[in-house]
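Step one of this worksheet: look at the structure below.
Please treat every number below as a calculation from the coordinates, not as lab data. Quick caveat, the model's predicted, so the values are computed rather than measured. Don't worry about glycine lacking a Cβ; one is built from the backbone with ideal geometry, like all the others, and counts go over all protein chains shown.
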Amino acid sequence: MSSDESQNAASSERRDAVREKAQQVKVRQSRARLIRRTSLAVVAIAFVAVIAVVVTWTVSSSASKPMMSPANVVNDGFVVKDVRGGGVDSVDPDANGSLEGEAATPSPTPTPEPEPTPTASPTEAPAVEIRVYVDYLSTGSRDFQLANTKQLSEWVGDGAATLTYYPVAMLTAKSNGTKYSLRAAGAAACVAQHAPDYFFAFNDALLRQQPEVDSDGYSDSELAALAIATGLDGPKVVRACIEDQSYASWAKTATERALQELPGTDGASLTGTPMVLVNGTQYVGKLDDPKEFAQFVLTIASDAYYKATPTPTTAP
């Protein structure tokens, strides 16, 4: 065999060897790509499965833990039945602050002896219904409470008025992300639920010791300490309720309901705090003037008295 033929044969063998190696590399690369794709698919499937498990667990947990609502709430409000512990440094109204003014006892009509004259049977004025929608970060709510605590306490104690507070959370975004308004409203609900006789005192303390707007406000632990400082019964239960934020979701929902429509009104809704309703009529006077508020309440009480007075009948 000539040298040319030998060189051609060697070149052919080298090309065949190179092709074979290239084919082997290609096969290995194909296998690697297949393994990577398979691994990615497995990881993706596993990730989707984990997400599905988490979502299912979250939904089932939410379903197993329904929103807690206070048992003694009435239309999202708490009726004050005991005024112990209320503040005492509010302004003392003058005689006009009494709900037992001239309207409670109208002057009797003289009755001539010979002829029968229509007379009205004496009746007591019905208790005035006072409703206060309060945000514990609202400075207006604080002003109203400081000015009127004393006379509100007296009216409730005398049975001349019923007083209901509605904790709402309209200023939740005004506390550096701590949601103080919401947590404070939930804390008030905790006290109303577990120590109702001390609700008025805690409500008063929350407003008297109100934190600044745009501050963090009190922590849950500090709110619990403030509640316990009123001397309430069952401090451990109240603390656990406040620190667990047991009624925070309820407070949020109650606020949303109030923003849509207030019960017992002709379609009125909450527009700001405080909103004070006396027999369904909104008070629009000065929040820090107890005399003006007392006169407003007296006027409403007078109207209620005359509406409740029986129709005159002929007396012998």
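If I stretch the segment between residue 229 and residue 213 completely, what's the gain in nm (0.36 nm per residue apart, minus their alpha carbon distance), one decimal?
Taking residue 229 through residue 213 to full extension adds about 3.4 nm, to one decimal.
For the range 163-316, give the magnitude of the charge dipole about the Cα centre (Cβ charges: +1 Lys/Arg, -1 Asp/Glu; no others), in debye to the nearest 20.
180 debye
Could you order the peptides 168-178, 28-38, 264-274 from most to least packed, using the average number of other C-beta atoms within 10 Å per residue?
Most protected by this proxy first, the peptides run 168-178, 264-274, 28-38.
Please order 283, 180, 136 by the number of other Cβ within 10 Å, starting at the fewest.
283, 180, 136
Beta carbons within 10 angstrom, averaged per residue: use that to sort the peptides 189-195, 161-167, 288-294, 215-221, highest first.
Going by the mean number of other Cβ atoms within 10 Å, highest first, we get 189-195, 161-167, 288-294, 215-221.
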